[in-house]
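Encoded as structure tokens, the structure appears first; notes follow it.
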Amino acid sequence: MTDQIGALEEGEHGPAVRSVWDRQIRALTAGLVTIITLVAFEALAVVTVLPNVAADLDGLGLYGWATSAFFLGTTVGIVLAGAGADRDGPARPFAAGLLLFCAGLLLAAVTPTMGVLVVGRGLQGLGGGAIPAIAYATIGRLYPAALRPRVFAVLATAWVVPGLAGPALAGLIAAHAGWRWIFGGLLPLTVAAGAIPLRALRALPGRPGAGLVPIPIAPAVRISAGAGLVLAGLTNRSPLGLPLIAAGIACGLGPLRRLLPAGTLRLRPGIPAAVAVRGLLTWAFFGADTFVPLSITAVRHASITTAGLAVSSATLCWTAGSWTQARLVGRRPYREIIGTGLVLVALGTGGFTTVLLPASVPLA
């Protein structure tokens, strides 16, 4: 396996590498799919039962922070994992991400309050940001350009089984054993799943000369802290809200501009615009998705199972969209594919607001 990875790293893909399951890369593909599947189970299970968690811990006021903390941690995890992979190779930051993710699961499983759960979710975010960052960086280094749309589609398919079974299973576990077992039960599975890609990643060295570049810890923390202050300001109903927003912008905007490709905030064509659109899509999709179960259970008084079905349908459609783009790449302009995706997200989010209307509007 080490020799095969070394040859790929040098760019010697050769005509034999025609599939993501070819001999040279099948072990790595399988490992990435396995760990992404576990991350998907965690994400879908938590978002499904989060209304129960908030009710049990009397922490509805911190409901949004349980998800925000995860993504704020993800911001730091992505930056540190990417820089660490360049310096030392992907194995070490991947292992660190797994350790942080497991620590967050353990803390969430034994949490006495919603505030402690938020901290645990932040730790999960640190690890959860590192894991896909390493996966994407590895794909860019080892997979031929022609295979990359297909491998991203394969990783999206890793969400199918969690999308079908995760929310329903989470509802059953929460009802019969308690929601804490969702976090605790994922601990041994995460360790076992993480060992599969770790073996393949150990063969990858860092990039030449990357050890001279400092890891941007302070900028990553400032960006996350700034985003947290902005969120605190937006959710604060007192006169303190505006100063918090201003402090957040002052804290995070500078390092954000330095970390992003030049021109990202101005939507410069090319990679900067792609990064900006990716951020917009993530914010729009997951910002709405977080409140889907709460809206269904608290506003329409439906069951967690019904809320899980809504989460599952979004996941399956996400996978279908990923496979569609893999087939359309090269046939249709990128602008058209991305624009269509953003329009569909906007229509879906707008359509979901009908759940807040009286019960005469059906959930199905």
Within the stretch 79-102, restricting attention to residues that are open to solvent by 40 Å² or more (accessible area, probe 1.4 Å) and free of Cβ contacts under 8 Å to residues at least 60 places away in the same chain, which residue is nearest to ASP56 (Cα to Cα)?
LEU100
Collect the residues in the stretch 155-172 that are outside any loop (DSSP other than H, G, I, E, B) and open to solvent by 20 Å² or more (accessible area, probe 1.4 Å), keeping them in residue-number order.
THR157, VAL160, VAL161, LEU164, ALA165, ALA168, LEU169, LEU172
If you check ILE182 against the conditions, is it open to solvent by 40 Å² or more (accessible area, probe 1.4 Å) and either assigned to a helix (DSSP H, G or I) or in contact (Cβ under 8 Å) with a residue 60 or more places away in the chain (or both)?
no
So for the stretch 56-71 (the condition being part of a helix (DSSP H, G or I), open to solvent by 50 Å² or more (accessible area, probe 1.4 Å) and modelled with pLDDT of 90 or more), does at least one residue qualify?
yes
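Rundown of residues vs (1) within 30 Å of PRO90 (Cβ to Cβ); (2) touching a residue at least 12 places away in the same chain (Cβ under 8 Å), yes/no style:
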| position | (1), (2) |
| --- | --- |
| ILE215 | yes, yes |
| PRO219 | yes, yes |
| ARG222 | yes, yes |
| ASN236 | no, no |
| GLY241 | no, no |
| ILE245 | no, yes |
| GLY252 | yes, yes |
| PRO255 | yes, yes |
Members of the stretch 304-324 that are of a type outside the set (Phe, Trp, Tyr), within 19 Å of the chain's Cα centre (by Cα) and open to solvent by 50 Å² or more (accessible area, probe 1.4 Å):
SER313, LEU316, CYS317, ALA320
Based on this model, can you work out whether ILE338 counts as farther than 19 Å from ALA40 by Cα, buried (at least 16 other Cβ atoms within 10 Å of the Cβ) and touching a Pro at 6+ places or on another chain (Cβ under 9 Å)?
no
PRO333 modelled with pLDDT of 80 or more and over 24 Å from VAL46 (Cα atoms)
yes
Which number in (1) over 15 Å from VAL47 (Cα atoms); (2) touching a helix residue (DSSP H, G or I) at 6+ places or on another chain (Cβ under 6 Å); (3) surrounded by fewer than 18 Cβ atoms within 10 Å (Cβ to Cβ) marks the one condition that PRO188 misses?
(2)
Residue ID - farthest from the chain's Cα centre (by Cα), chosen from residues in the stretch 121-151 that are over 24 Å from PRO205 (Cβ atoms) and surrounded by fewer than 21 Cβ atoms within 10 Å (Cβ to Cβ)
ALA146
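The values are calculated or read from the model by the stated rules, or taken from the named source; none is laboratory data. Treat the numbers as computed from the prediction; the structure is a model and nothing was measured. In this analysis, Cβ positions are derived from the backbone assuming ideal geometry, glycine residues included, and neighbour counts consider all displayed protein chains. The accessibility values were calculated without ligands, DNA or RNA, using every heavy atom of the protein model including side chains. Shrake-Rupley method; radii C 1.70, N 1.55, O 1.52, S 1.80 Å.
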